[in-house]
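The values are calculated or read from the model by the stated rules, or taken from the named source; none is laboratory data. Note that this is a predicted model, so its numbers are computed, not measured. Virtual Cβ from ideal backbone geometry, glycine too; neighbours counted across all protein chains shown.
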């Protein structure tokens with residue numbers, strides 16, 4: 001039995017479809033009925049679901065905080081793809097991020113050890129590497145820098161990875177993937193899908209920093225290959241290409257035949273907005289959204305080296321430009 005946590009997320013849903021098409025015994029977790037129905041629609045639209053792929057999956061409603069149900073979910077499970085996570089860069093989600101990503105992953109690791117799971121594949125993020133900003137290019141050998149500002153999301157994923165490495169020290173075989181921004185279709189209200197919606201509606205602003213990109217299909221392919229391989233206790237950055245955020249948004253706009261964002265969000269402007277946001281939050285007019293970690297991320301010129309995976313597996317990245325075109329067509 002294979003377990004996929006976060007089965008109704010963009011990555012989780014695509015991973016499940018790939019696994020179930022190979023006639024594997026699959027169990028998946030979900031949190032809400034609406035997300036489950038959205039995933040059912042994705043299966044139907046993608047495959048016409050003539051073989052009832054969606055219904056072949058054992059769906060279990062639970063959360064990473066529901067230890068009683070989660071313990072039952074792990075019964076008979078041999079392999080785990082841990083995709084469930086909360087993704088948010090809002091400062092007011094600090095506690096929820098820690099609870100879902102760090103504490104939730106600790107629970108997953110503990111249950112893997114308890115139930116004798118053979119291997120855990122954890123989907124992290126390049127944000128969790130947190131390398132020093134003085135590094136122009138980041139790879140798997142670089143470590144977390146505690147001397148700089150990080151988003152609360154990055155901190156929660158970093159702590160989650162520490163739990164995974166703890167599991168490895170206690171005898172659990174693990175692999176971690178650190179994807180950049182995952183480009184994929186069908187889930188337009190979350191993840192990278194929101195970029196297409198914003199461009200379509202007329203986004204006029206663009207951050208000045210870089211962004212690391214990878215196709216959704218590549219992440220799915222690598223996860224499955226790593227799970228089936230003898231590779232263990234390693235991490236892999238999954239980045240096909242580094243672009244400026246302006247270049248990414250302009251490419252999406254061109255493929256949607258929409259106006260390109262032209263107003264740069266410079267560091268000074270973002271700091272001004274941060275002070276304003278913080279002041280309004282202190283006065284009780286709104287929840288605080290911006291953080292210095294988010295500003296540094298939006299303005300960062302760092303790039304990420306995703307070549308290690310191409311040396312470890314028979315794998316080559318898809319073209320990012322082709323992926324943007326394909327996703328824009330789906331949108």
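Quick one: is residue 130 on the phi > 0 side of the Ramachandran plot, modelled with pLDDT under 95 and surrounded by 21 or more Cβ atoms within 10 Å (Cβ to Cβ)?
Criteria met by residue 130.
Could you tell me how many of the residues in the range 156-191 are under 22 Å from residue 97 (Cα atoms), out of contact with any strand residue (DSSP E or B) (no Cβ under 6 Å at 6 or more places or on another chain), surrounded by fewer than 19 Cβ atoms within 10 Å (Cβ to Cβ) and at pLDDT 95 or above?
Final tally of qualifying residues: 4.
Identify, by number, the condition in (1) surrounded by fewer than 19 Cβ atoms within 10 Å (Cβ to Cβ); (2) in contact with a helix residue (DSSP H, G or I) (Cβ under 7 Å, 6 or more places away or on another chain); (3) more than 24 Å from residue 172 (Cα to Cα) that residue 45 doesn't meet.
Evaluating residue 45 over (1) surrounded by fewer than 19 Cβ atoms within 10 Å (Cβ to Cβ); (2) in contact with a helix residue (DSSP H, G or I) (Cβ under 7 Å, 6 or more places away or on another chain); (3) more than 24 Å from residue 172 (Cα to Cα) leaves (2) as the failure.
For the structure I just gave you, tell me whether residue 234 is at pLDDT 95 or above, surrounded by fewer than 18 Cβ atoms within 10 Å (Cβ to Cβ) and more than 28 Å from residue 82 (Cα to Cα).
It is false that residue 234 is at pLDDT 95 or above, surrounded by fewer than 18 Cβ atoms within 10 Å (Cβ to Cβ) and more than 28 Å from residue 82 (Cα to Cα).
Which residues, counting only those in the range 219-266, are within 18 Å of residue 197 (Cα to Cα), in contact with a helix residue (DSSP H, G or I) (Cβ under 7 Å, 6 or more places away or on another chain), assigned to a loop (DSSP other than H, G, I, E, B) and in contact (Cβ under 8 Å) with a residue 40 or more places away in the chain?
258, 259, 261
Name the one entry in 213, 195 that is closer than 24 Å to residue 300 by Cβ and in a strand (DSSP E or B).
213
What tally of residues in the range 129-157 results from selecting those that are under 17 Å from the mean Cα position of the chain (by Cα) and without any contact (Cβ under 8 Å) to a residue 40 or more places away in the chain?
1
Just to verify a result, which residue in the range 1-44, among those that are assigned to a loop (DSSP other than H, G, I, E, B) and under 18 Å from residue 184 (Cβ atoms), is nearest to the chain's Cα centre (by Cα)?
Per the criteria, the residue is 9.
Could you grab me the full set of residues in the range 17-41 that are within 17 Å of residue 226 (Cβ to Cβ), out of contact with any helix residue (DSSP H, G or I) (no Cβ under 7 Å at 6 or more places or on another chain) and either crowded, with 24+ Cβ neighbours inside 10 Å or in contact (Cβ under 8 Å) with a residue 40 or more places away in the chain (or both)?
Scanning the range 17-41 gives a single hit, 19.
What helices (runs of 4 or more DSSP H) lie completely within the range 45-111 and have 1 or more residues being more than 21 Å from the chain's Cα centre (by Cα), without any contact (Cβ under 8 Å) to a residue 40 or more places away in the chain and under 22 Å from residue 164 (Cα atoms)?
The qualifying helices (runs of 4 or more DSSP H) are 67-73.
Do we find that residue 321 is loosely packed, with under 14 Cβ neighbours inside 10 Å and either touching a residue at least 24 places away in the same chain (Cβ under 8 Å) or over 28 Å from residue 42 (Cβ atoms) (or both) in this structure?
When the stated conditions are applied, residue 321 passes them.
Can you work out which of the residues in the range 277-309 that are part of a helix (DSSP H, G or I) and either in contact with a strand residue (DSSP E or B) (Cβ under 6 Å, 6 or more places away or on another chain) or surrounded by fewer than 14 Cβ atoms within 10 Å (Cβ to Cβ) (or both) is modelled with the lowest pLDDT?
282
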